[in-house]
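**Q** Can you keep this structure in mind? I'll have questions shortly.
The values are calculated or read from the model by the stated rules, or taken from the named source; none is laboratory data. The structure presented is a predicted model; accordingly, all values stated were derived computationally and were not measured. Just so you know, the surface numbers come from the protein's heavy atoms only, side chains and all, with ligands and any DNA or RNA stripped out. Shrake-Rupley method; radii C 1.70, N 1.55, O 1.52, S 1.80 Å.
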Amino acid sequence: MTKKTIKRKSISKKLRFDVFKRDNFQCVYCGKTPPEITLEIDHIEPISKGGDNDINNLVSSCFDCNRGKRNVRLTKKPNKTPENIEILKEKEDQLKEYRKLIRKINRRINNNINGINNIYIKAYPGWEFSDSFKTGSLKRFLNFLTKEEIIEALKIAISRLGNDNDRVIKYFCGVCWQKIKDKRNE
């Protein structure tokens with residue numbers, strides 16, 4: 001038994017270039033562009049499944065994506081360049097909004113940390129929480145407790161231990177961890 005031979009008509013350089021141009025010199029599957037990758041022509045409907053070399057059956061593909069697809073039919077044609085641009089713009093807008101939200105959250109956290117630190121400064125003039133304590137412990141406490149709960153814990157520590165600011169910090173941390181433990185047990 002012999003294998004059925006598929007007669008392939010080669011794709012001209014002009015047609016190849018027209019496809020690359022139409023697809024914005026970008027792999028329609030992964031979005032990569034030269035010089036990072038080398039573009040090839042891929043058939044949407046594989047030749048082995050009855051496809052042809054019509055421009056509407058051809059897309060730009062990088063070597064890896066083309067070899068990964070092999071001779072499998074695409075159930076959906078890849079987006080045309082304008083559609084891809086719109087999708088990319090939407091992703092970019094979402095990313096900008098996400099970054100804006102993260103900055104807003106970080107400002108709120110930093111304001112909360114500074115507010116808690118100011119209470120400590122008022123109780124112990126000339127002293128303040130270290131930067132590592134603020135960005136480490138206080139930030140971690142704010143993941144589990146409200147600013148008000150942390151301030152309450154600090155005031156408890158200050159009222160119990162008075163002038164010993166080193167022990168106040170340790171006691172304050174103990175009160176916060178106990179509050180976190182109690183919340184987890186609820």
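**Q** Report, to the nearest whole %, how much of the accessible area of segment 103-186 belongs to carbon and sulfur atoms, 1.4 Å probe, protein only.
**A** Details: 2580 of 5450 Å².
Looking at segment 103-186 in its full context, I get 47 percent from C and S.
**Q** How large is the helix-only mean residue ellipticity at 222 nm for the chain, computed as the sum of -39500 (n - 2.57) over DSSP H runs with n ≥ 4, divided by its residue count, in deg cm²/dmol to the nearest 500? Could you put the intermediate results ahead of the total?
**A** Details: 6 runs with 102 residues, N = 186.
The helix-only estimate for the chain comes to -18500 deg cm²/dmol at 222 nm.
**Q** With an 8 Å cut-off on Cα pairs and a minimum separation of 6 or more residues, tell me the relative contact order of the chain in percent.
**A** Details: 146 pairs, mean separation 24.3, N = 186.
Answer for the chain is 13 percent.
**Q** Follow-up. Between rounded, prolate and oblate, where does segment 80-150 land on the alpha carbon gyration tensor, with a ≥ b ≥ c its root eigenvalues, rounded for a/c under 1.5, else prolate if a/b exceeds b/c?
**A** On the way: a/c = 4.50, a/b = 3.81, b/c = 1.18.
It comes out prolate by the Cα gyration axes.
**Q** Give the relative contact order (percent, whole number) for segment 135-177; include only Cα pairs under 8 Å separated by 6+ residues.
**A** 38
**Q** While we're here: Of [x] -0.36, -0.56, -1.44, -1.52; [y] -0.56, -0.62, -1.04, -1.20; [z] -0.23, -0.36, -1.07, -1.34, which one was derived for log10 I(q)/I(0) by the Debye sum over Cα atoms at q = 0.08, 0.10, 0.17, 0.19 Å⁻¹ from the structure shown?
**A** Matching entry in [x] -0.36, -0.56, -1.44, -1.52; [y] -0.56, -0.62, -1.04, -1.20; [z] -0.23, -0.36, -1.07, -1.34: [y].
**Q** At what distance in angstrom do the alpha carbon centres of segment 133-179 and segment 87-112 lie from each other?
**A** Each part's Cα centre sits 29 Å from the other's.
**Q** Given a 1.4 Å probe, how much area per residue of the chain is accessible, in Å²?
**A** Working: 13240 Å² over 186 residues.
Accessible surface, normalised per residue, equals 71 Å².
**Q** Another question, then. How large is ³J(HN,Hα), in whole Hz, for each residue of segment 89-100 in order, when computed from phi with the Karplus curve 6.51 cos²θ - 1.76 cosθ + 1.60 and θ = phi - 60°, using x for Gly and Pro?
**A** 4, 4, 4, 5, 4, 5, 5, 4, 5, 4, 4, 4
**Q** If you don't mind, there's one more thing I want to ask. Structure shown: which of Lys139/Lys181; Lys32/Lys104; Lys122/Lys170; Lys32/Lys91; Lys100/Lys179; Lys104/Lys155 lie over 25 Å apart, alpha-carbon to alpha-carbon? Present the calculation step by step, with values, prior to reporting the outcome.
**A** Values: Lys139/Lys181 17 Å; Lys32/Lys104 33 Å; Lys122/Lys170 18 Å; Lys32/Lys91 16 Å; Lys100/Lys179 31 Å; Lys104/Lys155 28 Å.
Checking Cα-Cα distances, Lys32/Lys104; Lys100/Lys179; Lys104/Lys155 exceed 25 Å.
**Q** Can you list the aspartates and glutamates whose alpha carbon sits under 19 Å from that of Lys21, skipping same-chain ones fewer than 8 residues off?
**A** Glu36, Glu40, Asp42, Asp54, Glu83, Glu86
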